[in-house]
Every structure is written in structure tokens, then in C-alpha cells.
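Undergrad: Quick one: the structure is below, questions incoming.
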Amino acid sequence: MSDSIFAFGLGIGTQNKEGNWLEVFYPAPIKDADKSALDAILESTNYTSGNDTIVLDEGDLNRLHMSLLKAGNIEQAELASRLKASTQPVVLCVLATDTAPANPAEVYLKLQMISQRLIQPHNTVLDGMFGLLVNTAWTSEGPIDVRELAERQLSARMEGRTIEVFSVDKFPKMVNFVVPTGVRIGDAARIRLGAHLGEGTTVMHEGFVNFNAGTLGTSMVEGRISAGVVVGDGSDLGGGCSTMGTLSGGGNIVIGVGEQCLIGANAGIGIGLGDRCTVESGLYITAGSKVNVLDESNALVSTVKARDLSGQSDLLFRRNSQTGAIECKTNKTAIALNEALHANN
Ligand SMILES: CC(C)(COP(=O)(O)OP(=O)(O)OC[C@H]1O[C@@H](n2cnc3c(N)ncnc32)[C@H](O)[C@@H]1OP(=O)(O)O)[C@@H](O)C(=O)NCCC(=O)NCCS
């Protein structure tokens, strides 16, 4: 076995009546654990090798606590000790390697590592994750398998309680698992677990961030960041704007936004943007759109498809208000516009 493992997490899990995991909450997952942590796990639990998820009893947690202490891993040792008092199942998920997840515990470990900024979007294998997750009602009484909800609602009503259902989905909002430092979030329900919010990001009420996607630094997000889209430091998404997950036109190339960009209110991109690009408010750039490239004096230089400009820096896209043609010029104002928007961060 190698000297380090991809990740491990001690967590608290919820199962449905059949004993399948609905979710696991990991308060402090560890990425790239060293040999001493691995040895502590090997000597104190039933873990032997590979990617494995095991349920720990009080004895296991006692031994793990002592082994981790001996290894000098105080934080994880204290967590192991604290979890002895959990009335809910305590889970140890070890990922020796970053391969496609095999069960919900592994999916939740990876999604939480992204939201805790231990992994950037696209940097862990999530293939097949939806097929592993149970559709769950996220409620005021915790996660409930949606097939068990009606029964639980009836029982609660008979005891004078109403179960509040916040969402019905394979995984829930991020903030019930982690609130990363230095962020403001207007409407918590609009940030899914597995979103990556950089330090200094504000997501206003209209903003939305999907999983395996998000911002890397300071950003004002009032538009939608689709699954897989990563927005660079200093870029802003105006009110109601939209990012397509992939290069539009049925492609499977995931698009991204570079640094210091501004996507105007109600605009949209189906192509990637490099650094310092601006998209005029209301303009939706699909990959196949014909774009007139203009010089400084607004003379036509060439006409290209938008996909040919994907990922290039210092571009201003606008729709000519008189002809309706999409135009692209060298961008001069991106940084000044961004500074004005960040004044509130
Ligand atoms: C595209 C945008 C950045 C252009 O703004 P700007 O760089 O300040 O440019 P100006 O409005 O000063 O216009 C510069 C010139 O281009 C012309 N122009 C601007 N937009 C044009 C358009 N769509 N069609 C034709 N000409 C246009 C102006 O008339 C002006 O012409 P002039 O040189 O003859 O005076 C701006 O219109 C925009 O959409 N900003 C987005 C703001 C936003 O949505 N923020 C998020 C809020 S939530």
C-alpha cells in the first residue's frame, strides 16, 4: 500500500429503513492523508485496504481516538472521541484512490470536500454518482427517503407536528453541511452541496450555483452557474444571467469563465470566456452565432462563429442596437466595471 491515501472522513450517516445510506455528514474530511493517519486507521478499525466505508462502534472510536493521538493527529482524534456520543451511525469512509464513487458515503465525502475547498471543481471523479443516490426529502426532521415520507408525515401529524419539506432531491443545499469562510449567500437553497464558493464570493438571492461548479475567488453572483462551470477570481455574473454547462450546440466541452469578466444582467454564454471579457446585458452568445469582429474604429475585421472566440481574453461582446448583429471588440472597461460591483463585498 502507498504512503498516503486520497482522502478519508469521519462522519454521521442517515439510513433508510432498508439500511441504505441517504447521506453522510463529514465535519472535517481530510484530503491527502499521510501514512501516520492511515496506520492509525489500520491498527484501530476493520479497514484493510482500498476504498471502503465502515460503521464504527464505541470500541472502534476509542481505539481510533488513541491511535490518532499517538500519531499526533489531534483534531481527528478529538473528533473520533466526540463521535462516541452520537446516537446516529458513525461512518469512516476511506478513499485510497480517487476512482468513481461506489456508494453514497463516497459521493458525500467528495461533494463536501469540494464545498470545503479541499478540492476544486473537476478535480475528483464523480462518474455515476446520481445512480448511487436515493431520492430524498430534506426536511425539518432530517433526510427522509421519499418513499418513506408519507408514513413519516402521518406519524408526525398524529403527534401534533408538521414535517417541513425543504426540497426533494438526490442531495441538498450546501449550507446544511458547510459554510465556507468569507462568503455571503442571499438564499441558501440556491447553492447545492458540491458547489465551490471562493473566499470573497457573494451570491445574491437570484444567483444559483450547481455542484462541481462555482467561483475560485472574489465574485458577485446574481446569475446561474451551471454544473461544471468554474468562474475565475474577480469575475461577476449580473442579475438573471445564465451560463450553459457545456459549449452550446450539443457539445460536451465544459465551458468556464476566466478572471475579471462581467456577464451582464440577463445575458448568457454558451462559449467559454478568457480573462477580462464583458458580455453586454441581454446578449445570449450561443456557440454557433455569427459574430462580427470590429476594430477600434468599429470597422469590420472578420466574421467568425462564437465558438472560435471561446476562451479568448479581453473581448467585449454586444448586440448592435441598430442592426441586431452580434459584435466583438477589444474590451477596455471590464476592470473598472468589476471594481464598482465589488465595492459592496
Ligand atoms: C456592453 C456594455 C459593457 C457597454 O458599456 P460601455 O463599455 O460603458 O460602453 P458605452 O455604453 O459607453 O458605449 C460606448 C460606445 O459604444 C456604443 N454602444 C454601446 N452599446 C452598443 C450597442 N449595443 N450597439 C451599438 N452601439 C453600442 C455607444 O453608443 C457608445 O458609442 P459612442 O462611442 O459613439 O459614444 C454595457 O452596455 C453593459 O451591458 N454592461 C453590463 C452591465 C451589467 O449588466 N452589470 C450587471 C448588473 S447586475
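What follows is calculated from the coordinates using simple rules that are stated; it is not laboratory data. Just so it is clear, the structure is predicted and the values come from calculations on it, not from any experiment. Cβ sites come from the backbone with ideal geometry, for glycine too, and all protein chains shown count toward neighbours.
Undergrad: Based on the alpha-carbon gyration tensor of region 128-176, what equivalent-ellipsoid semi-axes (square roots of 5 times the eigenvalues) come out, in whole Å, largest first?
TA: Numbers: eigenvalues 102, 31, 6 Å².
Whole-Å semi-axes of the equivalent ellipsoid: 23, 12, 6.
Undergrad: While we're on this one: Aspartates and glutamates within cross-link reach of residue 290: Cα-Cα under 13 Å, excluding same-chain residues under 8 positions apart?
TA: Of all the aspartates and glutamates, those that pass the test against residue 290 - Cα under 13 Å, at least 8 places apart if same chain - are 308, 327.
Undergrad: Taking θ = phi - 60°, what integer Hz values does the Karplus form 6.51 cos²θ - 1.76 cosθ + 1.60 yield along region 206-218, in sequence order, with x for Gly and Pro?
TA: Running phi through 6.51 cos²θ - 1.76 cosθ + 1.60 with θ = phi - 60° gives 7, x, 8, 10, 7, 7, 6, 7, x, 10, 9, x, 6 Hz.
Undergrad: Note the per residue figure in Å³ for the convex hull of the C-alpha positions in region 264-310.
TA: Details: hull volume 3.8 nm³, N = 47.
Measuring per residue, one finds 80 Å³ for the Cα hull of region 264-310.
Undergrad: Ok, one more. On the Cα set of the chain, report Rg and Dmax in Å, please.
TA: Values for the chain (Cα only, Rg and Dmax): 23.5, 77 Å.
Undergrad: Which log10 I(q)/I(0) values, to two decimals, does region 5-130 give at q = 0.09 Å⁻¹ under the Debye formula with one point per Cα?
TA: Log10 of I(q)/I(0), two decimals: -0.22.
Undergrad: Still on this model: Within a Cβ distance under 12 Å of residue 14, other residues only, what is the Lys/Arg minus Asp/Glu net charge? Spell out each step's value before the answer.
TA: On the way: positive: 17; negative: 23, 141, 145, 148.
Around residue 14, the charge tally is -3.
Undergrad: Please compute the length gained on full extension between residue 300 and residue 69, using 0.36 nm multiplied by the number of residues separating them and subtracting their Cα-Cα distance.
TA: Details: separation 231, 0.36 × 231 = 83.16 nm, distance 6.93 nm.
Taking residue 300 through residue 69 to full extension adds about 76.2 nm, to one decimal.
Undergrad: Can you compute the radius of gyration and Dmax for region 95-171, using only the Cα atoms, both in Å?
TA: 15.8, 48
Undergrad: Averaged over all directions, how much area does the convex hull of the C-alpha atoms of region 231-319 cover when projected, in nm²? Spell out each step's value before the answer.
TA: Working: hull surface 20.7 nm².
Here the figure is 5.2 nm², rounded to one decimal.
Undergrad: Give the residue from 107, 189, 51 lying farthest towards the positive end of the charge dipole for the chain; charges sit on Cβ (+1 for Lys and Arg, -1 for Asp and Glu) and the dipole is referred to the Cα centre.
TA: Of the listed residues, the answer is 189.
Undergrad: Over every pair of different alpha-carbon atoms in region 212-256, take the mean of 1/r and invert it; report that Kirkwood radius in Å. Walk me through the numbers before you get to the answer.
TA: Working: mean 1/r = 0.0938 Å⁻¹.
Computed over region 212-256, the radius equals 10.7 Å.
Undergrad: I need the fraction of alpha carbon pairs in region 174-342 separated by more than 29 Å, rounded to a whole percent. Let's see the in-between values first.
TA: Working: 2321 of 14196 pairs.
Counting pairs separated by more than 29 Å, the tail of P(r) holds 16 percent.
Undergrad: Scan region 250-320 for trypsin sites (Lys or Arg not before Pro) in coil per DSSP, keeping those whose Cβ has at most 10 other Cβ atoms within 10 Å, and list them by number.
TA: Working: sites: 276, 290, 305, 307, 318, 319; in loops: 276.
Qualifying residues, ordered by number: none.
Undergrad: Here's another thing I want to ask about it. If you plug each phi of region 39-50 into the Karplus form 6.51 cos²θ - 1.76 cosθ + 1.60 with θ = phi - 60°, what whole-Hz ³J(HN,Hα) values come out, in order, with x for Gly and Pro?
TA: Karplus values, whole Hz, x for Gly and Pro: 4, 4, 5, 5, 7, 10, 10, 7, 5, 10, 6, x.
Undergrad: Output wanted: per-residue J couplings in Hz (rounded whole) for region 190-205, from phi through Karplus 6.51 cos²θ - 1.76 cosθ + 1.60, θ = phi - 60°, x for Gly and Pro.
TA: With coefficients 6.51, -1.76 and 1.60, one gets 8, 10, 7, 4, x, 6, 10, 9, x, 4, x, 8, 10, 10, 6, 4 Hz.
Undergrad: To one decimal place, what Kirkwood hydrodynamic radius in Å is obtained for region 50-188 from all pairs of distinct Cα atoms? Could the numbers behind the result be given before it?
TA: Values: mean 1/r = 0.0570 Å⁻¹.
In region 50-188 this quantity evaluates to 17.5 Å.
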